[in-house]
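Report on the following structure.
The values are calculated or read from the model by the stated rules, or taken from the named source; none is laboratory data. Owing to the predicted nature of the structure, the values given are computational and were not obtained by experimental measurement. Here the Cβ positions follow ideal geometry from the backbone for every residue, glycine too, while neighbour counts run over all protein chains shown. Heads up: the accessible areas ignore ligands, DNA and RNA and are worked out on the full protein's heavy atoms, side chains in. Shrake-Rupley method; radii C 1.70, N 1.55, O 1.52, S 1.80 Å.
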Amino acid sequence: MTDAAANQNLVVRDVTPDDEAVVRDLVTAAFPSDMEARLVHTLRHCGALVLEQVAVDEQAAVVGHVAYSRVTPAAVGPGHALQVACLAPVSVWPDKQRAGIGSVLIRSSLRKLKELGEDLVLVLGPPSYYPRFGFDPVLARKVQGPYAGDAFMALALTDTGSSDLPIEVAFATPFQEFE
Ligand SMILES: CC(C)(COP(=O)(O)OP(=O)(O)OC[C@H]1O[C@@H](n2cnc3c(N)ncnc32)[C@H](O)[C@@H]1OP(=O)(O)O)[C@@H](O)C(=O)NCCC(=O)NCCS
């Protein structure tokens, strides 16, 4: 295992209501403004989240957070029945970044998403970061929606996630602020 966090005994678990305040502070600290923290809050409370998890260290402190929200395929087309999720945002405290926490959190949460029956995961982010988890901008070209380009990547978790394409998708309503 190459992740530095392999030695940190991180636990990745689902978010509980008790985590909401620290998650808001963490997401706000990780990004230049509180826009992403507000996005998480809105997604959570409009029922759009498929999975929300935190990474917790040995002292039980929350050190990372990731949210996946529902993406809706168009009612027609080969991929109309696919279960599609969007990874956004992912956050690690600034003074704890680049120590492997984000990698442990993303890998673990992707395994959980697969267990939950998700077929396809989409992300918009740095092309230098997400391919290490299997995200692929070429696969994402078969996903039509508001995003395009090399920063838009897709990861199939099942065979149908890569075979039942192309699809047209709509992201959860709170993302319209980012389009
Ligand atoms: C992105 C983020 C979640 C990654 O978590 P992390 O714990 O720092 O990442 P890891 O330690 O697991 O991975 C480190 C690698 O990620 C790269 N990386 C980290 N943040 C990056 C970024 N914003 N863009 C590109 N690469 C990034 C590092 O360069 C390093 O690469 P290397 O392994 O080739 O040296 C974290 O840096 C963060 O919270 N950043 C601010 C918020 C953000 O940009 N979120 C993602 C938006 S899509």
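Details
- For Gly77, the conditions (1) free of Cβ contacts under 8 Å to residues at least 24 places away in the same chain; (2) away from the ligand (no atom under 15 Å from the Cβ); (3) touching an Asp or Glu at 6+ places or on another chain (Cβ under 8 Å) are fulfilled apart from (1).
- Scan of region 62-94 for residues that are more than 22 Å from Tyr147 (Cα to Cα), open to solvent by less than 40 Å² (accessible area, probe 1.4 Å) and either among the small types (Gly, Ala, Ser) or part of a loop (DSSP other than H, G, I, E, B) (or both), ordered by number: Gly64
- Residue pairs meeting the criteria (Cβ under 6 Å; at least 6 apart or on separate chains; first more than 20 Å from Leu116 (Cα to Cα), in region 141-165; second assigned to a helix (DSSP H, G or I)): Asp150/Pro137; Phe152/Ala140; Met153/Tyr130; Met153/Pro137; Met153/Ala140
- Residue match in region 137-146 (condition: under 15 Å from the mean Cα position of the chain (by Cα), assigned to a helix (DSSP H, G or I) and either within 12 Å of the ligand (Cβ to nearest atom) or surrounded by fewer than 19 Cβ atoms within 10 Å (Cβ to Cβ) (or both)): no
- Of the residues screened, Arg132 is not one that is surrounded by fewer than 19 Cβ atoms within 10 Å (Cβ to Cβ) and away from the ligand (no atom under 16 Å from the Cβ).
- Restricting region 45-60 to residues that are out of contact with any helix residue (DSSP H, G or I) (no Cβ under 8 Å at 6 or more places or on another chain) and not β-branched (Val, Ile, Thr), the residue that is surrounded by the most Cβ atoms within 10 Å (Cβ to Cβ): Asp57
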